[in-house]
Amino acid sequence: MNATARIMLSGFTNLSEAEIEPVLLTKQTIFQENTAFENSLFALAHQQPEQAIKLLNQWIETLPSYDGPVDGSDVVLPNVKAPIDIPRHWIEKPVHFIPNGFANPKAPRIIYVARNQYFFCQEQNLTEWLWKVHGAKSPKRILDMGCGTGTTTFVYGELFPNADVIGIDLSAPLIRFCRDWKAQRAADNVSFYQENAEATHWADNSFDIVHFTYLVHEMPQNNARKILHEMYRLLKLGGTFSAMEVMYDQTAEEREARVSRSRTAEPFLEEYMQLNLPTAIGEAGFKYIKRHYDNKFPSSDGMFLTALKPTS
């Protein structure tokens, strides 16, 4: 057992040595499936968050760094002056226990690991549900806002190989990670840029589909509303809004319980529940708002919403 594992040993109980020993990752091996240690650490975050944070801080120092120019000039759109504007909340109130939040150049692996923990972060579920809703369409341009490590963006690219699919995120390290993953996946129709989803650099009516996955619960209401209005601006007339987000529970008691369970890792979740996302989508101008259901839908952590930008 290596020194890092010995430091972390005290954080786990009733686990085998294989489960508590971190795997040393490099940029060549970082796309491998979740390790037993990572799954154990994720579980601990829900059971003993204070202990999990200590272990996370130790583990993250062992991860590959996706750093680059301080101003992010390597990841902005062509002809956009770096650095882009960053909302204050993103810097001042990090989420998901991550030191310095998603701006941390060693954060990408942590976000990548989470893709197998939540229903709408898993590729097979994304593929099924996005095709169910969008499969009959022939979009030419698709924008994935707050793309994270790019899973949703890649799925869109595979579902619509003739479309130009763009993923954007505030995190320059995540964009660098996505570009590395793009090269490995040979996803020629997909591209990634650092952008602020509240005020992007594209013209009105630029996209056929604008989407986000688990995004607006990570910010204050005011910022979330700005993103919804920006999505409306960017969509072509008749274009489709879609979103996969944290469940908006039916009763106030259920919503309060969800907030209580996640308060440490999700500092803005209470504001998100007060936002009432389906209602906020309508207030941004969208019509035909639909919350999709399926008898086989096994998730209690996410909901799938779509809406249209009216043609008149």
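Summary of values
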| read-out | value |
| --- | --- |
| Count of the range 180-224 residues which are of a type in the set (K, R) and touching a residue at least 40 places away in the same chain (Cβ under 8 Å) | 0 |
| Only listed residue being buried (at least 17 other Cβ atoms within 10 Å of the Cβ), closer than 28 Å to K140 by Cβ and touching a helix residue (DSSP H, G or I) at 6+ places or on another chain (Cβ under 9 Å), chosen from F192, F268 | F192 |
| Lone unmet requirement of (1) within 22 Å of V23 (Cα to Cα); (2) surrounded by fewer than 17 Cβ atoms within 10 Å (Cβ to Cβ); (3) of a type in the set (D, E) for E123 | (1) |
| Residue within the range 109-119 that is of a type in the set (A, V, I, L, M, F, W, C), surrounded by 19 or more Cβ atoms within 10 Å (Cβ to Cβ), modelled with pLDDT under 95 and touching a Lys or Arg at 6+ places or on another chain (Cβ under 6 Å) present | no |
| Enumerated helices (runs of 4 or more DSSP H) restricted to the range 113-222, each holding at least 3 residues that are touching a Phe, Trp or Tyr at 6+ places or on another chain (Cβ under 7 Å) | 123-134, 172-185 |
| Matching entry among A45, A5, A18 (being modelled with pLDDT under 80, assigned to a helix (DSSP H, G or I) and under 21 Å from the mean Cα position of the chain (by Cα)) | A45 |
| Residues (surrounded by 13 or more Cβ atoms within 10 Å (Cβ to Cβ) and in a helix (DSSP H, G or I)) located in the range 48-90 | P49, Q51, A52, I53, K54, L55, L56, Q58, W59, I60, H89, W90 |
| Residues that are more than 21 Å from the chain's Cα centre (by Cα) and in contact (Cβ under 8 Å) with a residue 24 or more places away in the chain, drawn from the range 133-144 | G135, K137, S138, P139, K140 |
| Residue in the range 136-147 that is in the same structural domain as T240 (by TED's automatic domain parsing) and β-branched (V, I, T) present | yes |
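The values are calculated or read from the model by the stated rules, or taken from the named source; none is laboratory data. All of these numbers come straight from a predicted model, not from anything done at the bench. FYI the Cβ positions are ideal-geometry reconstructions off the backbone, even for glycines, and counts take in every protein chain you see.
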